[in-house]
């Protein structure tokens with residue numbers, strides 16, 4: 001039994017023990033927090049990742065979802081800012097929402113003619129499906145009149161390096177290489193996003209990440225998980241390490257989806273983000289076994 005399944009079983013037992021200790025039922029969150037303090041799960045999961053995923057093409061960060069503590073890492077210079085592609089889109093969505101009373105438009109993605117990565121287009125998309133499918137056309141529309149100044153407050157709240165003043169358009173949605181962000185800061189920004197999941201803006205993004213894992217660019221993560229589901233965002237960005245490749249794929253996955261216990265951020269050399277999701281899924285499935 002892998003650490004994720006052991007964790008679920010242990011959480012159930014602790015709930016029973018704590019509930020029997022008093023006359024009132026113990027809230028599930030209280031039992032969960034008690035178990036989260038037990039280091040055995042984190043140690044076991046970290047050992048699996050460190051020992052079984054040593055391929056030089058795979059980099060990863062493994063964090064505790066409650067504290068942001070880095071539990072395991074195989075990533076050269078994770079504090080060094082680099083392009084992170086579409087991983088920035090959820091935070092652009094929040095920034096846009098803050099400027100527009102969290103009213104998000106509907107958009108008809110026509111594919112390549114509209115600047116999207118999917119040649120046939122995504123058709124009619126809202127903010128949730130745009131996040132799920134990482135629709136470039138939607139986010140190009142969203143940022144058509146946005147500037148760095150409108151993004152800085154939101155980026156700062158999430159602990160991200162702010163964009164330089166002259167950025168706009170495609171640079172703000174990760175299609176350029178001018179907005180550089182530390183991978184570790186990005187991972188922790190997703191944890192903060194999850195902590196705000198009941199707030200406007202974050203709510204829509206988290207729904208999009210859940211949809212991504214079910215049927216979007218992060219589908220291969222959920223396909224690999226047999227006992228849980230994930231929140232997923234993928235991205236593709238320029239390769240910034242050796243050996244050089246045209247681009248690298250990035251994945252952020254929070255598991256379990258409903259109440260995440262940990263975050264796995266993966267970079268896979270020389271593949272797009274949707275392909276990197278296959279590797280992330282394989283890694284998570286080993287923890288789950």
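Some notes on this structure:
- Within region 139-173, being buried (at least 20 other Cβ atoms within 10 Å of the Cβ) and in contact with a strand residue (DSSP E or B) (Cβ under 6 Å, 6 or more places away or on another chain) holds for one residue alone: 160.
- Boolean, residue 251 is crowded, with 24+ Cβ neighbours inside 10 Å and within 15 Å of the chain's Cα centre (by Cα): yes
- Number of residues in region 112-128 that are buried (at least 17 other Cβ atoms within 10 Å of the Cβ) and farther than 20 Å from residue 233 by Cα: the value is 1.
- Residue 68 in a helix (DSSP H, G or I) and more than 21 Å from residue 274 (Cβ to Cβ): no
- Once region 54-105 is narrowed to residues that are without any contact (Cβ under 8 Å) to a residue 40 or more places away in the chain and out of contact with any helix residue (DSSP H, G or I) (no Cβ under 9 Å at 6 or more places or on another chain), the residue that is farthest from residue 211 (Cα to Cα) is 54.
- The set of residues from region 219-233 being part of a strand (DSSP E or B) and closer than 16 Å to residue 287 by Cβ comprises 231, 232.
- Test set (1) modelled with pLDDT of 95 or more; (2) over 30 Å from residue 288 (Cβ atoms); (3) part of a loop (DSSP other than H, G, I, E, B) - residue 155 fails condition number: (3)
Okay, residues lined up against (1) part of a loop (DSSP other than H, G, I, E, B); (2) buried (at least 23 other Cβ atoms within 10 Å of the Cβ):
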position	(1), (2)
199	yes, no
203	no, no
209	no, yes
235	no, yes
258	yes, no
274	no, no
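Residues are listed down the side, and each one gets a yes or a no for (1) assigned by TED's automatic domain parsing to the domain that holds residue 264; (2) under 25 Å from residue 203 (Cα atoms); (3) modelled with pLDDT under 90; (4) surrounded by fewer than 20 Cβ atoms within 10 Å (Cβ to Cβ):
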residue: 20; (1), (2), (3), (4): no, no, yes, yes
residue: 24; (1), (2), (3), (4): no, no, yes, yes
residue: 63; (1), (2), (3), (4): yes, yes, no, no
residue: 103; (1), (2), (3), (4): yes, yes, no, yes
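The values are calculated or read from the model by the stated rules, or taken from the named source; none is laboratory data. Predicted model only: the values in this text are computed from it and were never measured. Please note: Cβ atoms are built from the backbone with ideal geometry, for glycine as well, and neighbour counts cover all protein chains shown.
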